[in-house]
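Colleague: Below you will find the structure I want to go over with you.
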Amino acid sequence: MKQSRSIKNSNDFFKNITIIYFAMLMGQISFLAIALFLKFTGGQIVTDIFSTSFGIVVFLLSFICVIAGSYLYKRLILQAQSKVGIGEKLNAYQISVIVNLALIEGPVLFSIVVFLLTSQIYFLLFTVVLIIIFLTLRPSKQRAMEDLKIDSEQIDKASFES
């Protein structure tokens, strides 16, 4: 995955990955806010028959995606560590972060949809827990240095060629 020509150094890289992170987070929070607005302004849809099966599906999807995201992140980080250039390592780091975050975001959005369908507030517990997990996964220069086993000086000298 090649970086845009606008990325010239590691500061630009971390600004871009932070923008991606917050865009994903704001998408989840915005969708949650819209769902809550719709429910609390009278758009009640009750389908009690499906709520138990939806509960199982939401739980399993959440659990599997969190575990899979963590596993894939670790695997992709190991691959990133074997890259030669710092720019390549950081690009691989970005991919691993996005994959991990996307695997958390999916169940968040699904649990909100299930809340919209069932009007049962306990589905929002899954949403809140997953968003808290998402918040703990915020990418940073420090996290990249720890995960990729590189130092600050190497990151500062990173070059991004397109």
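Colleague: Condition first: among the β-branched types (Val, Ile, Thr), within 22 Å of ILE77 (Cα to Cα) and crowded, with 18+ Cβ neighbours inside 10 Å. Now tell me which residues in region 99-132 satisfy that.
Modeller: Passing the criteria: only ILE104.
Colleague: Answer with yes or no whether ASP156 is touching a Ser or Thr at 6+ places or on another chain (Cβ under 8 Å) and either surrounded by fewer than 20 Cβ atoms within 10 Å (Cβ to Cβ) or of a type in the set (A, V, I, L, M) (or both).
Modeller: yes
Colleague: Of everything in region 62-98 that's of a type in the set (Gly, Ala, Ser) and over 22 Å from ILE133 (Cβ atoms), which residue is surrounded by the fewest Cβ atoms within 10 Å (Cβ to Cβ)?
Modeller: It comes out as SER82.
Colleague: While we're on this one: Kindly indicate which of GLU146, GLU105 is acidic (Asp, Glu) and more than 15 Å from the chain's Cα centre (by Cα).
Modeller: Within the list GLU146, GLU105, the selection yields GLU146.
Colleague: Next question, about the same structure. When you look at ILE49, is it assigned to a helix (DSSP H, G or I), over 16 Å from LEU137 (Cα atoms), among the hydrophobic types (A, V, I, L, M, F, W, C) and modelled with pLDDT of 95 or more, yes or no?
Modeller: no
Colleague: Among the listed residues GLY43, GLY55, which satisfies the condition of being at pLDDT below 95, of a type outside the set (D, E, K, R) and buried (at least 16 other Cβ atoms within 10 Å of the Cβ)?
Modeller: Every option except GLY55 fails the conditions.
Colleague: So which helices (runs of 4 or more DSSP H) stay within region 56-162 end to end and still have 1 or more residues that are touching a helix residue (DSSP H, G or I) at 6+ places or on another chain (Cβ under 7 Å), within 26 Å of GLY27 (Cβ to Cβ) and not aromatic (Phe, Trp, Tyr)?
Modeller: 86-118, 123-136, 141-148
Colleague: Among the listed residues ILE17, ILE98, ILE34, identify the single one that is modelled with pLDDT under 95 and either within 17 Å of ALA144 (Cβ to Cβ) or in contact with a Pro (Cβ under 7 Å, 6 or more places away or on another chain) (or both).
Modeller: ILE17
The values are calculated or read from the model by the stated rules, or taken from the named source; none is laboratory data. Keep in mind the model is a prediction, meaning the values are calculated, not measured. Every residue, glycine as well, gets a Cβ built from its backbone with ideal geometry; the counts of neighbours run over all protein chains shown.
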